[in-house]
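Here the structure is laid out as structure tokens; the discussion comes afterwards.
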Amino acid sequence: MPVREFIDSKGVEWRAWEVTPDSIYPPTRGEDYLADCYQLGWVVLETKTGDRRVRLCPIPADWHQLAPNELELLLQRGERLPATAPAGRGNGSGLPAARSFRYPGGRVWTVSVIAHPTLAGVRVLRFSAGGRGVDLDEWPENWADLRDDQLIDVLRRGWPRPSEALVPGSPRRRWDDPQN
């Protein structure tokens, strides 16, 4: 899943990424506000400061290959969304920033800061892909600015495979399984 960064004609830095139905954590899949966008996916365009955010649905063909001035034109076509909280652990009232990336095996993961599902006032960094979700209590402050390979590393460190799950002689299924 590409993440594009560009600077508009006013010097504002933007980040853009796709959100697809398979990258949405299951509890939100049935929500009505997604309507047609849920079926097709959308592109989020957000300033790096989080003060402006736009959702563009449906996903324009080859949007990730557009020149910066063409990406800027997409901002006019999209739906304006509420500003987000700063990336990291901020507890602003806006929506957290989100990123999507493709894991080496092909699965698309979405990552964002959310309220802890059971502890009031606590925030977690949630990685979600299809029916899988991984919540991290500790994460790098600059997670939204990390390269995809660095986010993959954060996910791997936060979701280690228990050693008792390894069966001697079985095929290697995860990146950190020992070689046979």
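The values are calculated or read from the model by the stated rules, or taken from the named source; none is laboratory data. Keep in mind that this is a model prediction, so the values were computed, not measured. Cβ placement follows ideal geometry from the backbone for every residue including glycine, while neighbour counts extend to all protein chains displayed.
The condition of being of a type outside the set (S, T, N, Q), modelled with pLDDT of 80 or more and either under 14 Å from Arg4 (Cα atoms) or out of contact with any helix residue (DSSP H, G or I) (no Cβ under 6 Å at 6 or more places or on another chain) (or both) holds for Ala67. Scanning segment 122-161 for residues that are of a type in the set (Val, Ile, Thr) and assigned to a loop (DSSP other than H, G, I, E, B) yields one hit, Val122.
Of the residues making up segment 82-99, not a single one is at pLDDT 80 or above, at negative phi, out of contact with any His (no Cβ under 8 Å at 6 or more places or on another chain) and not in a helix (DSSP H, G or I).
Mind telling me which of the residues Gly106, Gly131 ends up being within 21 Å of Pro2 (Cβ to Cβ), modelled with pLDDT under 80 and in the same structural domain as Val154 (by TED's automatic domain parsing)? Gly106 is the lone residue from the list that is within 21 Å of Pro2 (Cβ to Cβ), modelled with pLDDT under 80 and in the same structural domain as Val154 (by TED's automatic domain parsing). Of all residues in segment 35-56, none satisfies being of a type in the set (A, V, I, L, M), modelled with pLDDT under 80 and part of a loop (DSSP other than H, G, I, E, B).
Looking across segment 108-133, the residues that are over 15 Å from Leu146 (Cβ atoms) and hydroxyl-bearing (Ser, Thr, Tyr) come down to Thr118, Ser128.
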